[in-house]
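Everything below concerns the one structure shown next.
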Amino acid sequence: MVHSWPRRKFQNRIWLHTALLVGTIGSTWLVAGGLYAATIIAILGAHELGHYFACRYYDVDASLPYFLPSPPPIGLFGTLGAVIRIREPIPTKRILFDIGIAGPIAGFVVLVPALFIGVATSELVPIDAAGLWFGEPLLIKAAAYLLWGPLPSDQTLGMSAMAYAAWFGMFATAMNLFPVGQLDGGHIAYALLGRRSTYLTVLMIGVALTLAYFTPTLIGWAVILIIMLIVVGPRHPRTFDEDVPLDRRRRLLAAFAVFMFAVCFTPVPIEILVSP
């Protein structure tokens, strides 16, 4: 008789996760220094550990975070973000929702104070007619107004290292909350809408392509969404309780996810300005 032993869950190649983390610390340090590196690792780490600990809570096998270094001059921010790998199907919409939303909320809890500290320690600088311009999500506008009041017409905030890291955290949060496929927003949308989320996925792919057409810096992101659509299809993997509605508490959390997306999203995240 041949015995088949179940594979142990939550097994990780610690050396690989450590090497990627160290590499990402180094690549982000090269971009803007230690404070920037610490802030961006904290935001990304909180986001992915939010997913990971939710998986542990529900006993859904998952990996530790894989940090993705992108050293300059290849990467503008020193990292492409971080991911975890979920190694088994998620059985119910309730579990899917909780795992999907845990990451954005955990990252948001870290990035908001980092943003306010970063904006408070930024400096007023003359508006430059050339160079990179970073779009200002509503959350940055709110922080700047609360901490600095109305800015002079010929000046803007030169972002400190911590504010720069928080900006990337907001960008990553907004992109992850886009309601498409295997992104966090796709998981939340499916848990909320069931099979009807497919229509939202198709609609939002159209929105992503439209944004990429007018904003070249989003082309890479749109290509990733298209590849995801081709590989896994427009339909989210089913749970056995697809037609069971979420409870009121989770619907309120879904509304909070929409709020996080709204305050972190900017349609033109990066623009290259050229002097006339």
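The values are calculated or read from the model by the stated rules, or taken from the named source; none is laboratory data. Note that the coordinates shown come from a computational prediction; the quantities given were computed from them, not determined experimentally. Cβ placement follows ideal geometry from the backbone for every residue including glycine, while neighbour counts extend to all protein chains displayed.
Side notes on the structure shown:
- Those residues of the stretch 65-91 which are assigned to a loop (DSSP other than H, G, I, E, B) and closer than 26 Å to residue 220 by Cα, in sequence order: 65, 70, 71, 72, 73, 74, 75, 76, 77, 78, 84, 85
- Residue satisfying all of: in the stretch 32-64; part of a loop (DSSP other than H, G, I, E, B) and out of contact with any helix residue (DSSP H, G or I) (no Cβ under 6 Å at 6 or more places or on another chain); nearest to residue 163 (Cα to Cα) among these: 63
- Residue in the stretch 135-155 that is more than 30 Å from residue 62 (Cβ to Cβ), exposed (fewer than 15 other Cβ atoms within 10 Å of the Cβ), among the polar types (S, T, N, Q) and in contact with a Leu (Cβ under 8 Å, 6 or more places away or on another chain) present: yes
- Unmet requirement for residue 95, which otherwise passes all of (1) touching a Ser or Thr at 6+ places or on another chain (Cβ under 9 Å); (2) assigned to a helix (DSSP H, G or I); (3) closer than 23 Å to residue 33 by Cα: (3)
- Test for residue 102: is it modelled with pLDDT of 95 or more, closer than 30 Å to residue 241 by Cα and touching a Leu at 6+ places or on another chain (Cβ under 7 Å): no
- Residues of the stretch 200-231 satisfying the condition of being surrounded by 12 or more Cβ atoms within 10 Å (Cβ to Cβ), at pLDDT 85 or above and among the hydroxyl-bearing types (Ser, Thr, Tyr): 201, 210
- Evaluated against (1) among the small types (Gly, Ala, Ser); (2) surrounded by fewer than 21 Cβ atoms within 10 Å (Cβ to Cβ); (3) modelled with pLDDT of 90 or more, residue 158 falls short on exactly one condition, (3).
- The residue of the stretch 1-31 that is modelled with the highest pLDDT, among those that are aromatic (Phe, Trp, Tyr) and farther than 27 Å from residue 162 by Cα, is 15.
- Annotation: residue 113 fulfils all but one of (1) of a type outside the set (A, V, I, L, M, F, W, C); (2) surrounded by fewer than 18 Cβ atoms within 10 Å (Cβ to Cβ); (3) under 25 Å from residue 137 (Cβ atoms); (4) in contact with a Pro (Cβ under 7 Å, 6 or more places away or on another chain); the unmet one is (4).
- Lone qualifier among 244, 223 - being out of contact with any Lys or Arg (no Cβ under 6 Å at 6 or more places or on another chain) and touching a residue at least 60 places away in the same chain (Cβ under 8 Å): 244
- Any hit, the stretch 2-11, residues being of a type outside the set (A, V, I, L, M) and within 20 Å of the chain's Cα centre (by Cα): no
- Every residue from the stretch 220-276 that is over 16 Å from residue 185 (Cα atoms) and assigned to a helix (DSSP H, G or I): 220, 223, 227, 230, 231, 248, 249
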